[in-house]
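The values are calculated or read from the model by the stated rules, or taken from the named source; none is laboratory data. Small disclaimer: the values here were computed from a predicted structure and weren't measured. Positions of Cβ are backbone-derived with ideal geometry, glycine not excepted, and every protein chain shown enters the neighbour counts.
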Amino acid sequence: MNTDNQYANRQQVLIGLVCVCMVLLVAFCARIQLFSSEYNNKIGYIGISEFPARGLVYDRNGELLVSNKPLFDLMVTYDQIDPEMDTAQFCQLLQIDKNQFVELIEKDWSNKRFAKWKPYAFLKKIPHETYAQFQEHMHKYPGFHTEVRNVREYYYPIGAHVLGYLNEASPQDISNSNGKYKRGDFIGVSGIEKSYESQLKGSRGIQFYWRDNLNRIRGKLRGGANDTLAIHGHTLYTSIDKDLQTYAEYLMQHKIGAIVAIEPSSGEILSLVSAPTYDPSLLTIDRERGEAFAKLEQDSLRPFFNRAYMAQYPPGSIFKSIMALVALEENVWSKNKGVTCNGGYTYKDRTYGCHQHTRPKNVDVALQHSCNTYFWQLFQEVIDKHGFYEPQKGLSELEYYWSTFGLGTKTGIDLPAEQSGFMPGVDYYNQLYPKNKGSWKSPTIMSIGIGQGELLVTPLQMANLAAIIANRGAYSDPHVVTKTIDTEDNIIPWSKKQHTVPISKEHFDPIIDGMELAVTSGTATTAFVPGLDICGKTGTSQNPHGEDHSVFFAFAPKENPQIAIAVFIENAGFGGTYAAPIASLLMEQYLNDTISSQRLYLEDRLANTKLIVNK
């Protein structure tokens with residue numbers, strides 16, 4: 001009997017504890033549901049992203065090149081839609097039809113990407129004008145809210161290959177980003193938009209809201225204590241001169257090729273043009289972009305291909321300047337050495353042609369008239385320094401000099417996808433002529449002595465060579481961005497990397513004198529501008545598939561040079577025909593800030609000359 005009483009007492013205690021717990025639970029729920037201002041009718045929360053503005057981009061003179069404009073994504077939570085909503089007015093406001101509405105609102109709910117209680121994109125990239133009309137009526141449509149995105153706005157139709165463009169982040173971009181990117185984010189895919197993506201992109205913010213049992217938003221979570229603000233991207237200042245870039249693109253219309261202009265003292269890129277080009281605003285992320293992108297991508301002239309530092313060409317006769325410097329430094333040639341040229345150079349039973357000119361009595365005059373005979377002999381002296389049967393030793397030493405000039409390797413420009421060019425060396429020729437050791441000699445490879453044969457350089461490398469000569473052997477890595485300003489207004493300047501080629505300064509004097517003579521009274525007289533003291537060298541790059549390419553590199557003025565430039569125009573013939581006068585106009589514009597009235601005819605003729613064939 002006592003046992004039964006003990007059991008009954010324990011049962012009553014247990015029942016009492018359960019009742020107390022139930023009362024406490026009911027009281028807690030009542031406090032949440034009925035009395036708490038923070039939790040009243042709220043059972044969960046939702047986060048709405050706030051997208052940052054990308055960093056601004058300026059030119060070297062503080063001209064704004066790229067900013068942002070808002071586009072709006074209309075988001076919807078299916079469970080919150082009013083089934084009685086006026087869909088006709090809704091569609092009219094957004095300029096869509098009823099079928100589009102149904103297609104946009106209905107999703108495959110079996111797909112884990114979608115849930116009726118979770119917001120998803122109903123309509124993306126709504127233009128500002130459309131959004132302004134819709135916003136006045138948005139309160140009528142519960143379940144819909146907007147997310148603001150900033151897309152690029154370009155102030156001038158120039159610089160597409162420098163500035164680059166954006167795409168939506170791909171699934172691979174997202175998976176490789178460690179959470180930095182999500183679906184719908186934009187990412188730079190070319191130009192400085194790509195190479196400075198981490199600085200430009202900024203950081204996403206997020207706003208948290210309570211939602212009730214009907215998934216309706218009921219206010220800020222914890223008064224906004226968990227919210228984070230979007231942080232805009234860093235501001236970039238570039239070395240590009242907007243006016244010079246505009247003028248260069250104007251002169252290169254209807255042509256294929258590239259122009260690169262550098263400030264010799266700093267390595268700053270003043271202008272970088274690849275032609276054909278396109279208006280960067282065509283690729284702004286909006287609803288019209290797809291057609292423009294497809295048209296550019298399918299264009300046979302490849303406007304997306306950046307010829308300024310991705311195309312690789314034989315440099316032609318501008319390379320004679322470099323060969324002369326090496327020969328003088330190696331002490332296998334004298335600056336006052338002359339040769340006889342009777343219209344060509346004969347080796348054994350073959351004659352290699354040259355054009356008629358006065359006798360090249362020294363290096364200066366040889367450069368002035370671009371004598372092939374002179375530089376073939378000079379090249380052989382470099383290669384045969386250790387004897388005719390030891391060309392590998394001479395070429396190996398020449399390879400070293402090439403590398404110090406940045407040839408056969410990338411310049412390190414702060415833009416993506418740069419190509420390195422190609423300098424054929426000992427290993428290359430041993431593989432090309434594998435019969436036995438020493439089966440090739442200096443005459444076998446003599447074409448590279450005048451910048452032909454297997455040599456390949458980019459227009460950027462050509463401009464950098466001009467800057468090296470202008471500086472008498474010193475140079476900085478070419479670069480486009482000069483400084484970055486972060487979100488705390490800290491200025492982060494470009495970190496310059498200085499280089500010096502192993503050529504004695506005195507050897508540059510005859511080369512520079514010869515380049516000056518070429519402009520005043522030699523092969524490059526079309527580049528002459530009174531008072532500018534331009535020093536330049538023409539080149540004609542052989543093209544086995546058609547008309548030769550027109551090449552010119554130069555700097556000005558001769559003392560304290562302010563600009564070094566390379567112009568390469570495909571299928572345009574001699575360097576003095578198009579490349580040299582175009583370069584002279586650009587140097588005149590940059591140094592004088594105007595074109596003299598006597599040369600306006602030249603500007604008009606060059607700008608309107610059409611050299612694109614089969615188009």
Answer yes if at least one residue in segment 323-330 is outside any loop (DSSP other than H, G, I, E, B) and touching a Lys or Arg at 6+ places or on another chain (Cβ under 9 Å), and no otherwise.
yes
Just a yes or no: is a residue in segment 339-356 touching a Gly at 6+ places or on another chain (Cβ under 7 Å), over 22 Å from A463 (Cα atoms), touching a residue at least 40 places away in the same chain (Cβ under 8 Å) and outside any loop (DSSP other than H, G, I, E, B)?
yes
How do the pairs read when you match residues in segment 316-329 that are touching a residue at least 60 places away in the same chain (Cβ under 8 Å) and among the basic types (K, R) with residues anywhere that are surrounded by 24 or more Cβ atoms within 10 Å (Cβ to Cβ) and not in a helix (DSSP H, G or I), using Cβ under 9 Å and keeping only pairs 6 or more apart or on different chains?
K320/S370; K320/C371; K320/G451; K320/K537; K320/G539
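Would you be able to say whether some residue in segment 492-501 is assigned to a strand (DSSP E or B) and either outside the structural domain of S321 (by TED's automatic domain parsing) or over 30 Å from V57 (Cβ atoms) (or both)?
First, pick out the residues of segment 492-501 that are assigned to a strand (DSSP E or B): 492-493, 498-500.
From what's left, either outside the structural domain of S321 (by TED's automatic domain parsing) or over 30 Å from V57 (Cβ atoms) (or both): 500.
Taking every residue of segment 492-501 in turn, at least one turns out to be assigned to a strand (DSSP E or B) and either outside the structural domain of S321 (by TED's automatic domain parsing) or over 30 Å from V57 (Cβ atoms) (or both).
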Of all residues in segment 162-201, how many are of a type in the set (G, A, S) and closer than 23 Å to K483 by Cβ?
6
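Listed here are the residues, each with its yes/no results for (1) assigned to a loop (DSSP other than H, G, I, E, B); (2) buried (at least 23 other Cβ atoms within 10 Å of the Cβ); (3) modelled with pLDDT of 95 or more.
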position: K385; (1), (2), (3): yes, no, yes
position: F388; (1), (2), (3): yes, no, no
position: L407; (1), (2), (3): yes, yes, yes
position: L415; (1), (2), (3): yes, yes, yes
position: S420; (1), (2), (3): yes, no, yes
position: K435; (1), (2), (3): yes, no, no
position: S439; (1), (2), (3): yes, no, no
Give me the residue from segment 470-491 that is of a type in the set (V, I, T) and part of a loop (DSSP other than H, G, I, E, B) and, out of that set, nearest to E418 (Cα to Cα).
V480
Are any residues in segment 176-191 among the small types (G, A, S) and free of Cβ contacts under 8 Å to residues at least 40 places away in the same chain, and if so, which ones?
S177, G179, G188
Can you tell me which condition N430 does not meet? The list is (1) in contact (Cβ under 8 Å) with a residue 60 or more places away in the chain; (2) in a helix (DSSP H, G or I), and all the others hold.
(1)
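Is it true that some residue in segment 539-552 is under 15 Å from M587 (Cβ atoms) and not in a strand (DSSP E or B)? Give the steps one after another, and end with the answer.
Filtering segment 539-552 down to residues under 15 Å from M587 (Cβ atoms) leaves 552.
Narrowing the set further to residues that are not in a strand (DSSP E or B) leaves none.
Within segment 539-552, none of the residues are under 15 Å from M587 (Cβ atoms) and not in a strand (DSSP E or B).
Go over the candidates D604, D533 one by one and state the one that is in a helix (DSSP H, G or I) and of a type in the set (D, E).
On the way: D533 fails: in a helix (DSSP H, G or I).
Result: D604 is the single residue among D604, D533 that is in a helix (DSSP H, G or I) and of a type in the set (D, E).
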Among all residue pairs at least 6 apart or on different chains, which show Cβ distances below 6 Å where the first residue, located in segment 92-120, is modelled with pLDDT under 90 and the second is among the polar types (S, T, N, Q)?
W117/N215; P119/T77
Verdict on S317 being under 22 Å from E418 (Cα atoms) and either assigned to a loop (DSSP other than H, G, I, E, B) or in the same structural domain as I503 (by TED's automatic domain parsing) (or both)
no
Against the definition (at pLDDT 90 or above, assigned by TED's automatic domain parsing to the domain that holds I231 and either surrounded by 13 or more Cβ atoms within 10 Å (Cβ to Cβ) or in contact with a helix residue (DSSP H, G or I) (Cβ under 8 Å, 6 or more places away or on another chain) (or both)), how does I174 come out, yes or no?
no
Somewhere in segment 446-467, is a residue free of Cβ contacts under 8 Å to residues at least 24 places away in the same chain and out of contact with any Phe, Trp or Tyr (no Cβ under 6 Å at 6 or more places or on another chain)?
yes
Is at least one residue of segment 76-89 loosely packed, with under 14 Cβ neighbours inside 10 Å, small (G, A, S) and at pLDDT 85 or above?
yes
Take V273 and tell me if it is more than 30 Å from Q589 (Cα to Cα) and aliphatic (A, V, I, L, M).
no
Does I269 count as in contact with a Gly (Cβ under 9 Å, 6 or more places away or on another chain), among the β-branched types (V, I, T) and crowded, with 23+ Cβ neighbours inside 10 Å?
no
Is it the case that some residue within segment 345-363 is surrounded by 15 or more Cβ atoms within 10 Å (Cβ to Cβ) and small (G, A, S)?
no
Out of R302, R307, report the one residue that is of a type outside the set (F, W, Y), within 30 Å of L283 (Cβ to Cβ) and buried (at least 24 other Cβ atoms within 10 Å of the Cβ).
R307
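Just to be sure before I move on: is G546 free of Cβ contacts under 8 Å to residues at least 40 places away in the same chain, surrounded by fewer than 24 Cβ atoms within 10 Å (Cβ to Cβ) and at positive phi in the structure I sent?
Values: free of Cβ contacts under 8 Å to residues at least 40 places away in the same chain: no; surrounded by fewer than 24 Cβ atoms within 10 Å (Cβ to Cβ): yes; at positive phi: yes.
It is false that G546 is free of Cβ contacts under 8 Å to residues at least 40 places away in the same chain, surrounded by fewer than 24 Cβ atoms within 10 Å (Cβ to Cβ) and at positive phi.
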Which residues, taken from segment 87-101, are under 40 Å from the mean Cα position of the chain (by Cα) and under 11 Å from Q133 (Cβ atoms)?
L93, L94, Q95
Given (1) outside any helix (DSSP H, G or I); (2) modelled with pLDDT of 90 or more, L214 misses just (2)
Some residue of segment 573-590 being among the acidic types (D, E) and assigned to a loop (DSSP other than H, G, I, E, B)
no
Between I565, I612, I569, I582, which is loosely packed, with under 15 Cβ neighbours inside 10 Å and in contact (Cβ under 8 Å) with a residue 24 or more places away in the chain?
I612
